[in-house]
Amino acid sequence: MAASTRAAALLLTVCFLACYVSVPSLAASGDFLQCLSTSIPSQLVFTPSSPSFTSVLVSSIRNPKFFTPTTVRPLCIVTPTNASHVQAVVLCGRRHDVRVRVRSGGHDYEGLSYRSERPETFAVVDLANLRAVRVDRAAATAWVDSGATVGELYYTVAKAAPELAFPAGLCPTIGVGGHFSGGGMGLMMRKYGLSADNVLDATLVDANGRLLDKEAMGTDLFWAIRGGGGGNFGIVLSWKVRLVPVPPTVTFFDIQRSVDPGAVNAVTKWQTLAPALPEDLSIRVIVQTNQALFQSLYLGTCTALVTTMSSLFPELGMTRADCREMTWLQSMVYVNSADTTTPVETLLNRTTSLSTFTKNKSDYVKKAITKDSWEKIFPWFNKTGAGIIILEPHGGRVSGIADADTPFPHRSGILYNIQYVAFWTGNGTDAPNWISGLYDFMEPFVSKNPRGAYVNYRDLDIGENTVVGGVTSYESGKVWGEKYFGGNFERLAITKGKVDAGDYFRNEQSVPPLVSRK
């Protein structure tokens, strides 16, 4: 199997990964469900006794470790088709003490959008029916519902306006709602910023059941939803986004280097080069076994790319033969399939898989790791249970925005992000041990005070909330919150205190309400 094909297979496994649920009181259950029945058609509400309950529950579960006989089931799953249904769930939930968790696509590495670590009464609002994409070609904008996938967004935009696109992630099955809420990294972020940097407006149902747009939200809440993590401040139903120009032809390459011919040298140089490259060019690295796979998207032609690479990165040995010229839409298919003949309609596929267990972690690197250290890191990928790491370059537009302009703080001074991914089947322990061991080993080489993490690669290992007096403790939230949000965490907590002081929207890593500064 070709290296690029193997990498694509691994990435598809990453894409098709992350589930869950609770034990309600009978009184709360009956009253809540009766309340829902007055406002929501019965065919949109699935209880454990419904024939389709299990199929709806697993419809976007990507990690079998969150779908087991011991996983607590939700009281019900609601699949709204309009905003009034979502408002009804929140109002009924507040009235009858039933919390709500919301999911858009299920790319939730800890499954907190549809499971709970602890027994509690909650319902799941599944936004899969709210997935429209409405493109305004003349204005270069679009309204996209939270239940759409990024694949559906890419496809619809390109069909309506081939000269336009949107900067977001590579896995087509990612749900828009969660992705935008956490920032949204991708191969065009160096040119155009994160997904959240290109959000112009949004509609949200708040903890009081009100439907708000940007103006009604106010500055703080609109700031918070663009990078502050999903499920914290309300239920975002749709997003107005700025579309970005792309040329008729873009160029993609996959170049693999093994340790012997110079992978260590190439990765060592890549660390400082990639963030400083022209913004039209993004090169990421996937490290596995004894190999480093360099994947690049260039917003231009092969001829120009060869010239740039020969000048700036001759160590990679890139030639015209490595080029794959295509449309931008085709490039989003190619990065996952490594096949230029795969139809673009595959971006519309929402099928999920429960075949592979996974664990993900993340880091940020501010100072290039030395060659000697990389020579010690690479052997980790020969260990039993070894997975992969994905290195995503920053720099350009994503680093040019001030750290406090959005909740996403990993901007100035960041060279790249590391995503650690472990895969296993059954009840294996080698892969989880491998990823925790490598994560510990990497501590001297990554960001410190705090050690940063990306909220969209959610990781409960870095901390969980403690509930005190019916609300989440701010001090317990800081443990993980400052890793995701740095100095922006306090503002997020203050905003939470303003819009959801009772902590209705709550999970194991939800932003706690801080009603007054300490």
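The values are calculated or read from the model by the stated rules, or taken from the named source; none is laboratory data. Note that the coordinates shown come from a computational prediction; the quantities given were computed from them, not determined experimentally. With ideal geometry, Cβ positions are generated from the backbone for all residues, glycine too; neighbour counts draw on all protein chains shown. These accessible areas exclude ligands, DNA and RNA; they are computed on the full protein's heavy atoms, side chains included. Shrake-Rupley method; radii C 1.70, N 1.55, O 1.52, S 1.80 Å.
Averaged over its residues, the chain has an accessible area of 36 Å² per residue, based on protein heavy atoms and a 1.4 Å probe.
The accessible surface of the chain, taken with every protein chain in place and a 1.4 Å probe, is 52 percent carbon and sulfur.
Kindly sort Ser362, Ser37, Ser353 by accessible area of their heavy atoms, largest first, with the probe set to 1.4 Å. Write down the numbers at each step before the final one.
Numbers: Ser362 5, Ser37 70, Ser353 35 Å².
Of Ser362, Ser37, Ser353, the descending order of accessible area is Ser37, Ser353, Ser362.
Computed over the chain, the per-residue total of -39500 (n - 2.57) for DSSP H runs of n ≥ 4 gives a 222 nm mean residue ellipticity of -8500 deg cm²/dmol, rounded to 500. Projecting the Cα atoms of Phe32, Ala142, Thr308 onto the charge dipole of the chain, computed from C-beta unit charges around the Cα centre, puts Phe32 farthest toward the positive end.
Surface calculation, 1.4 Å probe, protein heavy atoms: Phe67 sits at approximately 60 Å² accessible. Measuring with a 1.4 angstrom probe and ignoring ligands and nucleic acids, Asp461 comes out at about 110 Å² accessible. Relative contact order, whole percent, for segment 388-452 stands at 30, derived from Cα pairs under 8 Å and 6 or more residues apart. Using the Cβ-Cβ distance between Glu464 and Thr303 with R0 set to 51 Å, the FRET efficiency from 1/(1 + (r/R0)^6) comes to roughly 0.45.
Share of antiparallel DSSP beta bridges in the chain, in percent to the nearest 5? Could you put the intermediate results ahead of the total?
Values: 61 of 68 bridges.
For the chain, the DSSP antiparallel bridge percentage is about 90.
The overall shape of segment 318-474, judged from the alpha-carbon gyration tensor, is rounded, with an a/c ratio under 1.5.
Tell me, what is the percent relative contact order of segment 79-213, built from C-alpha pairs under 8 Å that lie six or more residues apart?
On the way: 233 pairs, mean separation 30.8, N = 135.
Relative contact order of segment 79-213: 23 percent.
Our estimate of slack between Lys376 and Asn449, defined as 0.36 nm per intervening residue step minus the Cα-Cα distance, is 23.9 nm. The figure for Lys65 is an accessible area of roughly 70 square angstrom, using a 1.4 Å probe on the protein chains alone.
For segment 324-476, what's the relative contact order in percent, using C-alpha pairs closer than 8 Å and at least 6 residues apart?
Working: 185 pairs, mean separation 43.7, N = 153.
It rounds to 29 percent for segment 324-476.
Ordered by 1.4 Å accessible area with all protein chains kept, Leu415, Leu316 run largest first as Leu415, Leu316.
With 0.36 nm allotted per residue and the present C-alpha distance subtracted, the Ala404-Glu345 stretch has 17.4 nm of extension available.
Candidates Pro48, Thr406, Trp239 compared by Cα position along the dipole of the chain: farthest toward the positive end lies Thr406, with charges placed on Cβ.
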